[in-house]
Amino acid sequence: DVALKEGGPVKTVASCHTPIMPGAYVYPSSDNVQKLRKNIIELVLTDHPLDCLTCEVNGNCELQ
């Protein structure tokens, strides 16, 4: 989450697409951000095969 001033309105933005502005307040561990991260991981894993124990990259997988 990012706010342009302390205590100002907070907006969730993708850090990889948003240049930070001087004086902005960044909240990388807010409850909202934690929930969003959890939801994204759940979406990734819903399309992930469930055969990790027999997969050839088990132990060297970026999702583990």
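List pairs: first in region 1-13 and more than 19 Å from ILE40 (Cβ to Cβ) and in contact (Cβ under 8 Å) with a residue 24 or more places away in the chain, second part of a strand (DSSP E or B) and not hydroxyl-bearing (Ser, Thr, Tyr), Cβ under 8 Å, 6+ apart or cross-chain?
ALA3/VAL10; ALA3/LYS11
Which one of these is closer than 17 Å to LEU63 by Cα and among the polar types (S, T, N, Q): THR46, THR18?
Values: THR18 fails: closer than 17 Å to LEU63 by Cα.
Testing whether each residue is closer than 17 Å to LEU63 by Cα and among the polar types (S, T, N, Q) leaves just THR46.
Suppose the filter is assigned to a loop (DSSP other than H, G, I, E, B) and of a type in the set (Val, Ile, Thr); does ILE40 pass it? Quick ask: steps written out before the conclusion?
On the way: assigned to a loop (DSSP other than H, G, I, E, B): no; of a type in the set (Val, Ile, Thr): yes.
It is false that ILE40 is assigned to a loop (DSSP other than H, G, I, E, B) and of a type in the set (Val, Ile, Thr).
Could you tell me which residue of region 1-31 is modelled with the highest pLDDT, considering only residues that are surrounded by 10 or more Cβ atoms within 10 Å (Cβ to Cβ) and charged (D, E, K, R)?
LYS11
Residues in region 19-37 that are more than 13 Å from LYS5 (Cα to Cα) and assigned to a loop (DSSP other than H, G, I, E, B): how many? Talk me through it step by step, then tell me what you get.
First pass over region 19-37, keeping only residues more than 13 Å from LYS5 (Cα to Cα): 19, 28-37.
Now narrow it down to the ones that are assigned to a loop (DSSP other than H, G, I, E, B): 19, 28-30.
The total comes to 4.
Of all residues in region 45-62 being surrounded by 10 or more Cβ atoms within 10 Å (Cβ to Cβ) and either part of a helix (DSSP H, G or I) or of a type in the set (Phe, Trp, Tyr) (or both), which is nearest to the chain's Cα centre (by Cα)?
Pass one, region 45-62, residues surrounded by 10 or more Cβ atoms within 10 Å (Cβ to Cβ): 45, 48, 52, 55, 57-58, 61.
Retained after the next criterion (residues that are either part of a helix (DSSP H, G or I) or of a type in the set (Phe, Trp, Tyr) (or both)): 45, 52.
Working: LEU45: 14, CYS52: 23 Å.
This residue is LEU45.
The values are calculated or read from the model by the stated rules, or taken from the named source; none is laboratory data. Treat the numbers as computed from the prediction; the structure is a model and nothing was measured. Glycine also receives a Cβ, built like all others from the backbone with ideal geometry; neighbour counts cover every protein chain displayed.
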